[in-house]
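Colleague: Take a look at the following structure, please.
The values are calculated or read from the model by the stated rules, or taken from the named source; none is laboratory data. Here the structure is a predicted model, which is why all the values come from computation and not from measurement. With ideal geometry, Cβ positions are generated from the backbone for all residues, glycine too; neighbour counts draw on all protein chains shown.
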Amino acid sequence: MFARALPDDGIIYSLEFNENHATVARENIKNAGFSHCTKVIVGAATDSMKQLITDQIEPFDLIFIDADKQNNPHYLELSLKLSKPGTVIIGDNVVRGGDVINNETTNEGTIGVRKFNEQLAKTPNVESIGFQTVGIKGHDGITLSIVTE
């Protein structure tokens, strides 16, 4: 759990679109003993991220993107505004069983992931690598990116 790695003054923000998911997240966070350092925000992640930018919160050290995949390019763009040099950005589910290289797919999530991967490759102030993962859920992958400037 990311909360275990926080410094004493660290905060985790969990962006949840659905109030039911937020309730479950809050309960799990409470049971794990991390309510004191976690904020659950309910709403569209793009709106929540824009509000965090408007509020001028301190840049994040780590951003984990694992949401509705069609919006991954937007999440990356907003994540960069919430970053500083050294921020790590992790993108989850970026291989999609290999479908991400299928140019014939009409799946919006897969198309979003492909655009996200392409965007990472073109962003000059980010160094990235992708990893394929294999396990009981099949094969998928993550990207690991570091903001350089």
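Colleague: Run down Leu144, Leu82, Leu62, Leu76 and say which single residue is under 13 Å from the mean Cα position of the chain (by Cα) and without any contact (Cβ under 8 Å) to a residue 40 or more places away in the chain.
Modeller: Going through Leu144, Leu82, Leu62, Leu76 in turn, the sole match is Leu82.
Colleague: Hey, another quick one. Condition check: over 19 Å from Leu144 (Cβ atoms) and over 14 Å from the mean Cα position of the chain (by Cα). Does Ala45 satisfy that?
Modeller: Details: over 19 Å from Leu144 (Cβ atoms): yes; over 14 Å from the mean Cα position of the chain (by Cα): no.
Criteria not met by Ala45.
Colleague: Could you go through the range 96-106 and let me know if any residue there is at pLDDT 90 or above and within 23 Å of Ser48 (Cα to Cα).
Modeller: No, every residue in the range 96-106 fails to be at pLDDT 90 or above and within 23 Å of Ser48 (Cα to Cα).
Colleague: So which pairs qualify, if the first residue must be in the range 11-37 and farther than 22 Å from Leu82 by Cβ, the second must be surrounded by 14 or more Cβ atoms within 10 Å (Cβ to Cβ) and modelled with pLDDT under 95, the Cβ gap must be under 6 Å, and the two must be at least 6 apart or on different chains?
Modeller: Short answer, once both residue conditions are applied: none.
Colleague: Tell me, which strands (runs of 3 or more DSSP E) wholly within the range 47-149 include 2 or more residues that are aliphatic (A, V, I, L, M) and surrounded by fewer than 19 Cβ atoms within 10 Å (Cβ to Cβ)?
Modeller: 88-92, 126-135, 138-147
Colleague: Of these, Arg4, Arg26, which one is more than 30 Å from Glu118 (Cα to Cα), basic (Lys, Arg), exposed (fewer than 12 other Cβ atoms within 10 Å of the Cβ) and more than 15 Å from the chain's Cα centre (by Cα)?
Modeller: Arg4
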